[in-house]
Amino acid sequence: MDRDGVINRNRNDYVKSWDEFELIPHAIEAMALISTSGRDLIVLTNQSAIARRLITREAVDEIHERLAALVADRGGSIKAFLVCPHAPEDHCDCRKPAPGLFYRAQQELQVDLAAAVMIGDQTSDVQAARAAGCEAILVDPLGKLNLPDGLECTVVSSLLEAARVVCTA
């Protein structure tokens, strides 16, 4: 799953510390539900704030450790956090909508991409999932996102709703 906009609220000035990391209601519950359903929970996240020197990789890792602890407190687990630290102008192969993070999950964590489901809040999340051969669920709480023609996926209003879809699939 994606992080910003799915697990925590997006910020125009980027999440730069745990104090700025504002969880979306029921996000921890949803992540625990997915991970206790027999699925591995992996967070794939673009973090261009690292390239912009607004936050260090160590600080991002600390945020992820604290998030993982909250999920563990609810009986769940996050298998891994895969981070793209690049800015869009770097044109790397790991920044969504490129599928590089998905291929890393396949190689490093033995993820079966054909059986995987990406939960994201941006068209780029869906595009990356599709490029890697994954299903996708788009979290669109306001119902305002329009997918380009030919790009289809399940659309839900919350991460908790997405978790319920994943767990019944």
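The values are calculated or read from the model by the stated rules, or taken from the named source; none is laboratory data. Predicted model only: the values in this text are computed from it and were never measured. Cβ sites come from the backbone with ideal geometry, for glycine too, and all protein chains shown count toward neighbours.
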Inset, instruction - Could you list, in sequence order, all residues of the range 36-45 that are in contact (Cβ under 8 Å) with a residue 60 or more places away in the chain and either part of a strand (DSSP E or B) or crowded, with 21+ Cβ neighbours inside 10 Å (or both)? - result: ILE42, LEU44
Legend entry - Of the criteria (1) farther than 22 Å from ALA131 by Cβ; (2) modelled with pLDDT of 95 or more, which one ASN12 fails: (2)
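Taking the range 137-169, which residues are of a type in the set (Ser, Thr, Tyr) and over 11 Å from VAL126 (Cα atoms)?
Hits for the range 137-169 are SER157, SER158, THR168.
Tell me whether the range 76-84 contains one or more residues that are among the β-branched types (Val, Ile, Thr), without any contact (Cβ under 8 Å) to a residue 40 or more places away in the chain and within 25 Å of ALA131 (Cβ to Cβ).
As a first pass, look at the range 76-84 and keep what is among the β-branched types (Val, Ile, Thr): 78, 83.
Now restrict to residues that are without any contact (Cβ under 8 Å) to a residue 40 or more places away in the chain: 83.
Now drop any that are not within 25 Å of ALA131 (Cβ to Cβ), which leaves 83.
Within the range 76-84, one or more residues are among the β-branched types (Val, Ile, Thr), without any contact (Cβ under 8 Å) to a residue 40 or more places away in the chain and within 25 Å of ALA131 (Cβ to Cβ).
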